[in-house]
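Just below is one structure, and these are the notes that go with it.
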Amino acid sequence: MTRWQCCNGREWLAGCVLLLMAAASPSASAEPDCPGLAGHYRVDGFGPVLGDALGVLGLGMAGFRDSEVKITGNTEQSLSFWVRSGLSSPMASRPSRVLTRGVDYDCAAGVLTLRGSAESTRQTDAGFLEGRSIVRLTRSGAGLGIAAEFSGGQRSTLYSYDSARISVPRLGTGRTLHESIRWPGVQEPRPVASRPYEPVPESAQAGDLRRRLDALLGGAVRLGGLDDSGGRVRASLSASQAEDVVAFEDRLRAAGLPYTTTRAPIWSNNQYFMEFLFGADPDAARGWHPSVFRVQQEIDRLRSPMVSVRKVEDAGDGYVAELDVIGSESLVPLLQRLRAGTSIFRDVELLDDAEQTDRRNLRLVRLRLKTASG
């Protein structure tokens, strides 16, 4: 029977109206708004995306290796998350978190978007970025796909002490990054285990450096690995606070222990990571050459509240610092403090002082700095 024939029959009128409405509905064959996420997954993809996801979901106990997460419920209404924290723990007997649609998340085109966002960081080639991430979930075969949209930029610290910090964004550094990971379903085979790690015996040179560094770490700086590198030794270190990094580099200078910065201290996962190369410097004539982080911390300590450090670059025989200066403040007091208020700089030269074309009342100041010998 055709649709026209159906609609000519009085007894079929009500059914025909429903048929025509269904045929005209644009969502009849469209993808469901909410993805089906119920399943049992292995936590994988350790890194910033995982940290963002666990932070927004409130599942911090799933951050341990070999953890599992089970999701139950109907995404159209609500979801329950159950956590097994590492291999030594059983699956939780009650949900660790329950999320409700319209309150905690929204759905569109088969993707679940969490309404909360996570305070997050990223280390990129352009520098260390601080911002926030939006987290989305979707089905990925038998697994769970997790995507993070990070938006942020570099910031200049105006004041910091222990956990307190006041900072302002640096103009022109904003970026948006899209990253994703996948949690495999527990029924998927695990990756083949690699061969056990066999440590390489430590050289006499590395052992001697380890003993010297142990006396200089001061308890606040932690030594990671030591690797021989072309007659010198590369050391990986970490510290919890900027002041600890500053004090450690000052102790290296006082001890006369020469080093070259191969990775300037960067903030990640609530601590600073750095990498120094110890041993005779091929360019030893330049004397003590601290990290750009140490130089920036010294400028931060001496500058005016109306001045923020945009960046510091290693220029071989010295450093070039770029500063954002608000208003028409004279640079004379700042230059005087940099020249006389510290034992680090032996020469400070003003390279440029120009108004910014894209923002009124803001100047870009460039300085060339040379450090005193060790």
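Does the stretch 128-150 contain at least one residue that is modelled with pLDDT under 80, of a type in the set (A, V, I, L, M, F, W, C), in a loop (DSSP other than H, G, I, E, B) and not assigned by TED's automatic domain parsing to the domain that holds residue 271? Walk me through it before giving the result.
Looking only at the stretch 128-150, we keep the residues that are modelled with pLDDT under 80, and these are none.
No - not one qualifying residue is present in the stretch 128-150.
Within the bounds of the stretch 311-334, is there any residue that is of a type in the set (S, T, N, Q) and either within 23 Å of residue 235 (Cα to Cα) or not in a loop (DSSP other than H, G, I, E, B) (or both)?
Of all residues in the stretch 311-334, those of a type in the set (S, T, N, Q) come to 328, 330.
Adding the requirement that they be either within 23 Å of residue 235 (Cα to Cα) or not in a loop (DSSP other than H, G, I, E, B) (or both) leaves none.
Among the residues of the stretch 311-334, not one is of a type in the set (S, T, N, Q) and either within 23 Å of residue 235 (Cα to Cα) or not in a loop (DSSP other than H, G, I, E, B) (or both), which makes the answer no.
If you scan the stretch 40-90, which residues turn out to be assigned to a loop (DSSP other than H, G, I, E, B), touching a strand residue (DSSP E or B) at 6+ places or on another chain (Cβ under 8 Å) and either aliphatic (A, V, I, L, M) or outside the structural domain of residue 103 (by TED's automatic domain parsing) (or both)?
Within the stretch 40-90, 43, 59 qualify.
Which pairs do you get when a residue that is within 18 Å of residue 121 (Cβ to Cβ), found in the stretch 255-283, comes within reach of a residue that is modelled with pLDDT under 85 and part of a loop (DSSP other than H, G, I, E, B), reach meaning Cβ atoms under 9 angstrom, with the pair 6+ apart or on two chains?
Cβ pairs passing all conditions: none.
Looking at (1) closer than 21 Å to residue 51 by Cα; (2) β-branched (Val, Ile, Thr); (3) touching a residue at least 40 places away in the same chain (Cβ under 8 Å), find the lone condition where residue 75 falls short.
Failed condition: (1).
Based on this model, can you work out whether residue 332 counts as β-branched (Val, Ile, Thr), over 33 Å from the mean Cα position of the chain (by Cα) and either on the phi < 0 side of the Ramachandran plot or at pLDDT below 80 (or both)? Please lay out each step first, then the result.
Values: β-branched (Val, Ile, Thr): yes; over 33 Å from the mean Cα position of the chain (by Cα): yes; either on the phi < 0 side of the Ramachandran plot or at pLDDT below 80 (or both): yes.
Yes: the conditions hold for residue 332.
The values are calculated or read from the model by the stated rules, or taken from the named source; none is laboratory data. Predicted, not measured: the structure shown is a model, and the values here were computed from it. Glycine also receives a Cβ, built like all others from the backbone with ideal geometry; neighbour counts cover every protein chain displayed.
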